[in-house]
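Notes for the one structure printed next.
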Amino acid sequence: MSATWATRPSPHPPVPARHAPPPAGALNWAQRGWAGLRQAGENWPGLCCLCGRWQARTLCRDCEHAWRPPASLKRCHRCALPWLSATDAEHCPVCERQSPEFDRAITALDYVAPWSHLIGRLKFQHDTALVTPLARLLTEAVRQRPHPVDLVLPVPLSPSRLRERGFNQAWLLGRQVAHALGHRGCDQLVLRTRSTHRLMGLSAADRQASISGVFALAPGARAHLRGRHVAVVDDVLTTGATLNEVTQVLREAGAASVSAWVLARTPDPGGLS
Ligand SMILES: [Zn+2]
Ligand SMILES: [Zn+2]
């Protein structure tokens with residue numbers, strides 16, 4: 001891979017270390033200070049984000065084991081929905097009828113309490129200290145499903161949303177997962193050309209209509225995607241409309257395969273759009 005995109009200026013500096021620095025931008029000094037203290041809590045005693053007890057980790061092992069889905073839970077390889085099946089089939093009946101655009105979906109969690117609350121804290125209260133423990137969970141989930149990966153990308157935010165929030169939570173997660181797994185990562189190849197209203201609460205059809213056509217390739221990106229196995233990271237997978245749209249852009253650029261790596265999967269969203 002050439003250095004063209006790897007050296008392209010990014011709103012996020014490369015993070016070789018386990019702990020991403022607090023993002024700049026919309027965070028005020030108090031939020032940055034709190035996020036820094038919480039990140040330090042990954043190494044120093046602090047409060048667990050779930051049980052509130054003094055722990056050596058932001059998410060203590062007891063809470064992690066108590067709230068994670070069981071490792072034995074069978075999920076559809078295509079859409080990552082929990083799936084009760086007595087057969088060896090890899091795809092659920094919904095995906096057999098109408099498969100998503102991406103080749104596979106891997107999730108660490110279900111989008112239910114308490115994880116939904118933590119993801120909300122990360123996105124809307126800027127609690128970026130949660131990135132490291134959540135990225136670790138996603139890394140472990142990806143490790144359990146070996147597949148070819150050349151490049152890790154986030155679902156991009158629009159420039160206005162990025163300015164407003166100060167960070168792209170999908171990229172904060174994705175670059176830590178990419179680093180942990182030894183993959184290249186880049187948040188500059190696919191662009192979101194306009195903001196969309198929050199998709200939460202919309203029907204599958206309305207989500208599809210809202211998200212249609214909002215993603216585009218960055219100039220020069222096609223050469224770095226052709227023939228590549230690409231993993232796209234997002235925080236939550238609900239109907240799949242967003243990841244389907246990103247996948248279509250990547251396929252048009254010649255990507256060999258597209259995997260969706262998501263932190264949390266919404267149970268029973270009413271079918272993939
Ligand atoms: Zn705990
Ligand atoms: Zn499925």
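Bear in mind that the values in this text are calculations on the coordinates, not laboratory data. This structure is a prediction, so every number in the text was calculated from the model and none was measured. Here the Cβ positions follow ideal geometry from the backbone for every residue, glycine too, while neighbour counts run over all protein chains shown.
Net charge within 14 Å of CYS76 by Cβ-Cβ distance, Lys/Arg positive one each and Asp/Glu negative one each, not counting CYS76 itself?
Values: positive: LYS74, ARG75, ARG78, ARG97, ARG104, ARG145, ARG265; negative: ASP88, GLU90, GLU96, ASP103, ASP110, ASP268.
Charge balance near CYS76 sits at +1.
How much FRET efficiency would the formula 1/(1 + (r/R0)^6) give for GLU101 and ARG68, where r is the Cβ-Cβ distance and R0 is 22 Å, rounded to 0.05?
On the way: r = 28 Å, r/R0 = 1.28.
After rounding, the FRET efficiency stands at 0.20.
For a quick protection proxy, order the peptides 142-149, 168-175 by their average other-Cβ count within 10 Å, most packed first.
Values: 142-149: 13.6, 168-175: 26.1.
Averaged packing, sorted descending, gives the order 168-175, 142-149.
Give the peptides 225-235, 211-221 in descending order of average Cβ contacts within 10 Å, highest first. Please list the in-between numbers first.
Numbers: 225-235: 21.5, 211-221: 15.5.
Final packing ranking: 225-235, 211-221.
Hey, how many Å between the Cα centroid of segment 190-259 and the Cα centroid of segment 95-120?
15 Å
Cα extents of segment 136-176 along the three principal axes, largest first, in whole Å?
36, 20, 11
May I have the extent of the alpha carbons of segment 119-269 along their three principal axes, as whole Å values ordered from largest to smallest?
That gives 36, 33, 32 Å along the principal axes, largest extent first.
What net charge do the residues around VAL258 carry, taking every other residue with its C-beta under 10 Å from that of VAL258, with Lys and Arg at +1 and Asp and Glu at -1? Write down the numbers at each step before the final one.
Working: positive: ARG104, ARG228, ARG251; negative: GLU101, ASP103.
Result for the local shell: +1.
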